[in-house]
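The values are calculated or read from the model by the stated rules, or taken from the named source; none is laboratory data. Here the structure is a predicted model, which is why all the values come from computation and not from measurement. Neighbour counts run over all protein chains shown; Cβ positions are idealised from the backbone, glycine included. Accessible surface areas use protein heavy atoms only, side chains included; no ligands, DNA or RNA. Shrake-Rupley method; radii C 1.70, N 1.55, O 1.52, S 1.80 Å.
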Amino acid sequence: MKVTGIIAEYNPFHKGHKYQIDYCKKKLNSDYVIVAMSGDYVQRGTPALLPKHVRAEMALRCGADLVLEMPVSVSTASAEAFAMGGVSMLDGLHIVDSLCFGSEYGEVSALMELAEILVEEPEEYRQLLKEFLNNGLSFPSARCQALTEYFKNPHNFTGDDFDGVLTPLLNQIVQILNSPNNILGIEYCKALLRLKSNIKPVTLKRQGMGYHETLAETDGSDRFSRTDGNTFASASAIRELLKATLTPETISRIASQVPNEISLLLASSLQRNEFLTEDALDPLLSYCILKENADSFCSYLDVSRDLAERIINRSNELNGFLQAASFLKTKELTQSRIQRALLHIILGIREVPATVPYARVLGFRRESSTLLKEIKDSSSIPLITKLADANSLLDESGRSFLYETVFSSNLYEKLLCQKSSRNFVHEYQKQIVIL
């Protein structure tokens, strides 16, 4: 049995995601693909566009065999904690052979070289980093400069072909560290190294549109990159289309950007108004700002004293979730970082687990039932298929992270029901997706 893991958000699921699953099955010869997926909130600090069970069904319809939910504190954490959470969950199953992730660079050896330095933190690197930070550079810029200077010195390496292996890496460090999927890939490699995991990293060169590239509204070609006859729109490009009025034509256009297997499922969700955008959080954020103070804000994950005081001091000027995040961003704090902080305030998230203490099943394919049996026999973390069993399977810490996720999902469901005018379904009443 050969099993490949994927860590994903699927916000929403698109053709590039199916390409990755197909690659695992056809090129890596994987018998099974397990996805560790974000739940109802994602790493950019916002609600997921579609509910987690819908996104799990999309993944299963497009070839995944098992979809597991990461706790909300992991799904909404920094890249480092997000990566560690996903990797630790897959590693804890003791059945995953490889981890496949997309990257702009497309060469795992270079990402692993950088990860090793960042994990080991040799003295020369630490001194260089300190020097560049003292010169006023932001942490990402200082890290990039420190790594570049470190790799310039061939005496730091033994047994490697410096000119053949490290020189090409040296020439591209800046490019690598300026690309979001490369950065996340390095974090996956760091997590594997720190856990001393036997899982082997495999990277798939990102195809299609750039991470922040949007679809041209008036260009019939939609400005896709084309590779092997495939056209891949990025998740952010698809979300951008939702800012337009949702006419039947717009819905049809959005649905055309995802695999055929799930286009009707996406179109149905949009037609029923069963999707969420950031503005759903506007009243919740206003309530929290009125209710709390700088001291209480500091207790939440990713909220510094400086940010807490700025929220209070500028509270009269904050008029919505995205507006507030944009207004509060600084040279040191990106908008995504502030969105995560504001979301943690709304959801009451104070910490992220060092490693994920359980694996909750969102859905699986019937023909993959053998995989579930193997996991139950091999896993060092509990496999949760029924929430009602969680009390007996988890310790106090594990229950805390799970119940925090349940609360957050129930809040998501409430917001979704208010928007779509359908009846509320409690998290304990939702069924696992089985195809």
Once both labels are modelled 7 Å past Cα along the beta-carbon direction, what's the residue 367-residue 94 spacing in nm? 2.9 nm
Students often get this wrong: which residues of the stretch 402-418 have the backbone nitrogen under 20 Å from the point 7 angstrom along Cα-to-C-beta of residue 273? 411-418
Pop out the ³J(HN,Hα) list for the stretch 95-105 in order, Karplus 6.51 cos²θ - 1.76 cosθ + 1.60 with θ = phi - 60°, rounded to Hz; leave Gly and Pro as x. 9, 8, 8, 9, 10, 9, 9, x, 8, 6, 6
Positive-pole candidate from 417, 136, 316, dipole of the chain, charges at beta carbon: 417
Which ³J(HN,Hα) values, rounded to whole Hz and listed in residue order, are derived for the stretch 47-52 from phi using the Karplus coefficients 6.51, -1.76 and 1.60 in 6.51 cos²θ - 1.76 cosθ + 1.60 with θ = phi - 60°, glycine and proline given as x? x, 5, 4, 10, x, 4
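Count charges around residue 2 for me, please; just the other residues with Cβ under 9 Å from its Cβ, Lys/Arg as +1, Asp/Glu as -1. Could you put the intermediate results ahead of the total?
Values: positive: none; negative: 31, 97.
Once positives and negatives cancel, what remains is -2.
With the full set of protein chains in place, find how many percent of the accessible area of the chain is carbon and sulfur; take the probe as 1.4 Å. Let's see the in-between values first.
Values: 9050 of 19220 Å².
Using a 1.4 Å probe with all protein chains present, the chain comes out at 47 percent carbon and sulfur.
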Dipole of the chain, positive direction: furthest Cα of 284, 388, 29, with charges on the beta-carbon: 388
Taking the Cα centre of the chain as the origin, how large is its charge dipole in debye, to the nearest 20, when only Lys and Arg (+1) and Asp and Glu (-1) carry charge on their Cβ atoms? 1060 debye
Using 0.36 nm times the number of residues separating residue 377 and residue 244, minus their current alpha carbon distance, what extension gain do you get? 43.0 nm
Provide the per residue accessible area, probe 1.4 Å, for the chain, rounded to a whole number of square angstrom. 44 Å²
Stretched out fully, how many nm does the piece from residue 315 to residue 109 gain, at 0.36 nm a residue minus the Cα gap? 69.4 nm
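Taking 41 Å as R0, compute the FRET efficiency from the Cβ-Cβ separation of residue 393 and residue 152 and round it to 0.05. Present the calculation step by step, with values, prior to reporting the outcome.
On the way: r = 51 Å, r/R0 = 1.25.
The formula returns an efficiency of 0.20 here.
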Counting only DSSP beta bridges fully inside the chain, the antiparallel percentage to nearest 5 is 25 percent
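Mind ordering 109-122, 177-190 by average Cβ neighbours within 10 Å, highest first? List each step's numbers first, then the result.
On the way: 109-122: 17.2, 177-190: 21.6.
Highest mean packing first, the order is 177-190, 109-122.
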How long, wide and thick is the stretch 60-158, going by the Cα atoms along their three principal axes, in whole angstroms, largest first? 49, 31, 24
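Compute the relative contact order of the chain as a whole-number percentage, counting only Cα pairs closer than 8 Å that sit 6 or more residues apart in sequence. Walk me through the intermediate numbers first.
On the way: 685 pairs, mean separation 101.1, N = 435.
The normalised contact order for the chain reaches 23 percent.
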Of 25/205; 130/196; 130/152; 190/329; 25/373, those spanning more than 25 Å from alpha-carbon to alpha-carbon: 130/196; 190/329
According to a simple spin-label model (label point 7 Å from Cα along Cα-to-Cβ), what is the distance in nm between residue 116 and residue 323? 5.2 nm
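Can I get the semi-axes of the stretch 281-355's equivalent ellipsoid? Compute them from the C-alpha gyration tensor as square roots of 5 times the eigenvalues, in angstrom, largest first. All intermediate terms of the calculation are to be shown ahead of the outcome.
On the way: eigenvalues 61, 39, 29 Å².
Over the Cα atoms of the stretch 281-355, the ellipsoid semi-axes are 17, 14, 12 Å.
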Any residue on another chain or 5+ positions along whose placed amide H is under 5 Å from the amide H of residue 41 is listed here as 48
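Roughly what % of Cα-Cα distances in the stretch 1-75 sit above 20 Å, to the whole percent? If you can, show how the numbers build up before the last one.
Numbers: 702 of 2775 pairs.
Looking at the stretch 1-75, the distances longer than 20 Å represent 25 percent of pairs.
Under Stokes-Einstein, with the Kirkwood radius over Cα pairs standing in for Rh, what whole-number D in µm²/s applies to the stretch 370-432 at 25 °C and 0.890 mPa s? Present the calculation step by step, with values, prior to reporting the outcome.
Working: Rh = 13.5 Å.
Estimated diffusion coefficient is 182 µm²/s.
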Can you work out the PRE-style zone for residue 261? Point 7 Å along Cα to Cβ, and I want the residues of the stretch 17-60 with backbone N under 13 Å. 17-26, 32-35, 56-60
Give the average over all directions of the projected area of the C-alpha convex hull of the chain, one decimal, in nm². 22.3 nm²
If you bin every alpha carbon distance in the stretch 275-417 into 5 Å steps from zero, what whole percent lands in each bin? 2, 8, 16, 17, 14, 13, 11, 8, 6, 3, 1, 0
Distance histogram in 5 Å bins (all Cα pairs of the stretch 19-59, percent per bin): 6, 21, 22, 18, 16, 12, 5, 0
Simple spin-label model, 7 Å along Cα-to-Cβ: residue 331 to residue 435 in nm? 4.9 nm
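Just from its helices, what would the mean residue ellipticity at 222 nm be for the chain, if runs of 4 or more DSSP H residues each count -39500 (n - 2.57) and the sum is divided by every residue, rounded to the nearest 500 deg cm²/dmol?
On the way: 20 runs with 214 residues, N = 435.
Rounded to the nearest 500, the figure is -15000 deg cm²/dmol.
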